[in-house]
Amino acid sequence: MRRASTAPVEGVLAGKVCVVTGAAAGIGRAIAALFLRAGATVIAADKDPAGLATLDGAIAVAADVTDADAPQRILAPAIARGGPDVLVNNAGVTTVRPLLDTGDADLQAALEVNLSSTFRLAREAVRAMRAHGRGGAIVNMASVNAMVGHPCVAAYAATKGGIHALTRQLAVECGPHSIRVNALSPGLIVTEAFAARLDAEDVRLMTEAYPRGRLGHPDDVAHAALFLASDAADFITGVDLPVDGGMTAIAGAAVVSPRIRAWTGRPPLGFKDTP
């Protein structure tokens, strides 16, 4: 059972102008909502204007991050307000196909949404942060799929691996200008859309891979993003932080071996008969 975070957030981002992409639903929406609670002025960007309209308190920008003029349109309201102080590059797509069924168009689409838009938005945000002279923070959304292998996500994982590398490069280049650049790598996060496709057996078996004893929720990622965006993380840059309940820390044998499971007090796994 997930316990709601009791970490205080009020005032953590007071006076800061923050841009969050992919903010109409899921993780992006949770981040935008938490940043609003933390006192930020939030520019929420997404290609779904209906979803943005229900995000009370945010300044909505309807935009597809792959459009040529998207960085300028998304950042314009932040610049007009003296920012941005924070950019969260959250917009992304997941491509789930076996390697041999993944066409060039699938790869290109994943690259454009996940990696190219992150690069282009970060470039323009850095330009604006250097212009206002206060520095800032960029949080990129990577994935545990760039750390561990998983079937049928080669295109997606490749783009997220690019975000890992880009984050480190930007941290080094932007550090002298007081701009911090970090990434988050979520594990399995149960958004509303994803939850609709799960049954109890799916949840039970997938949870076994997470030492924390549960799957993730959008708020888990939002609180991590808030920390990296805040002044509390002032000496943290170039980091890729897994938000995965320990999934990338556990060996496969510890998940499936009855003997090893017994050492930690966990019962043997049980599987449904396969048809």
Inset, instruction - Looking at (1) of a type outside the set (Asp, Glu); (2) closer than 30 Å to Arg130 by Cβ; (3) in contact with an Asp or Glu (Cβ under 9 Å, 6 or more places away or on another chain), find the lone condition where Cys152 falls short. - result: (2)
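In segment 1-55, what count of residues is obtained for those that are among the charged types (D, E, K, R), assigned to a helix (DSSP H, G or I) and either over 27 Å from Asp69 (Cβ atoms) or touching a Ser or Thr at 6+ places or on another chain (Cβ under 7 Å) (or both)?
Step one: filter segment 1-55 for residues among the charged types (D, E, K, R), giving 2-3, 10, 16, 29, 37, 46-48.
Now drop any that are not assigned to a helix (DSSP H, G or I), which leaves 29, 37.
If we keep only those that are either over 27 Å from Asp69 (Cβ atoms) or touching a Ser or Thr at 6+ places or on another chain (Cβ under 7 Å) (or both) as well, we get 37.
Within segment 1-55, residues that are among the charged types (D, E, K, R), assigned to a helix (DSSP H, G or I) and either over 27 Å from Asp69 (Cβ atoms) or touching a Ser or Thr at 6+ places or on another chain (Cβ under 7 Å) (or both) number 1.
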Legend entry - Positions within segment 64-91 being assigned to a loop (DSSP other than H, G, I, E, B) and buried (at least 21 other Cβ atoms within 10 Å of the Cβ), in sequence order: Val65, Gly83, Pro84, Asp85, Asn90, Ala91
Inset, instruction - For segment 246-255, name all the residues that are free of Cβ contacts under 8 Å to residues at least 40 places away in the same chain and part of a helix (DSSP H, G or I). - result: Ala249, Gly252, Ala253, Ala254
Inset, instruction - Could you check, for segment 124-136, whether at least one of its residues is basic (Lys, Arg), within 21 Å of Ile27 (Cβ to Cβ), in contact with a helix residue (DSSP H, G or I) (Cβ under 7 Å, 6 or more places away or on another chain) and at pLDDT 95 or above? - result: no
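Condition first: assigned to a strand (DSSP E or B), modelled with pLDDT of 95 or more, among the polar types (S, T, N, Q) and under 20 Å from Arg168 (Cα atoms). Can you find one or more residues in segment 100-118 that meet it? Give the steps one after another, and end with the answer.
First, the residues of segment 100-118 that are assigned to a strand (DSSP E or B): none.
No, that holds for no residue.
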Inset, instruction - Return yes or no: is Ala38 more than 17 Å from the chain's Cα centre (by Cα), in contact (Cβ under 8 Å) with a residue 60 or more places away in the chain and surrounded by 17 or more Cβ atoms within 10 Å (Cβ to Cβ)? - result: yes
Legend entry - Evaluation of Gly175 against (1) buried (at least 17 other Cβ atoms within 10 Å of the Cβ); (2) closer than 21 Å to Ala131 by Cα (one fails), failing number: (1)
Inset, instruction - Go through (1) surrounded by fewer than 13 Cβ atoms within 10 Å (Cβ to Cβ); (2) over 26 Å from Ala30 (Cβ atoms); (3) not basic (Lys, Arg) one by one and return the number of the condition Glu192 breaks. - result: (2)
Inset, instruction - Quickly run through segment 97-109 and pick out the residues that are aliphatic (A, V, I, L, M), exposed (fewer than 12 other Cβ atoms within 10 Å of the Cβ) and in contact (Cβ under 8 Å) with a residue 24 or more places away in the chain. - result: Leu99
Legend entry - Residue in segment 50-57 that is within 26 Å of Ala193 (Cα to Cα), over 21 Å from the mean Cα position of the chain (by Cα), of a type outside the set (Val, Ile, Thr) and at pLDDT below 95 present: no
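The values are calculated or read from the model by the stated rules, or taken from the named source; none is laboratory data. The structure displayed is predicted, hence computed values, not measured ones. Backbone-built Cβ (ideal geometry, glycine too); neighbour counts: all protein chains shown.
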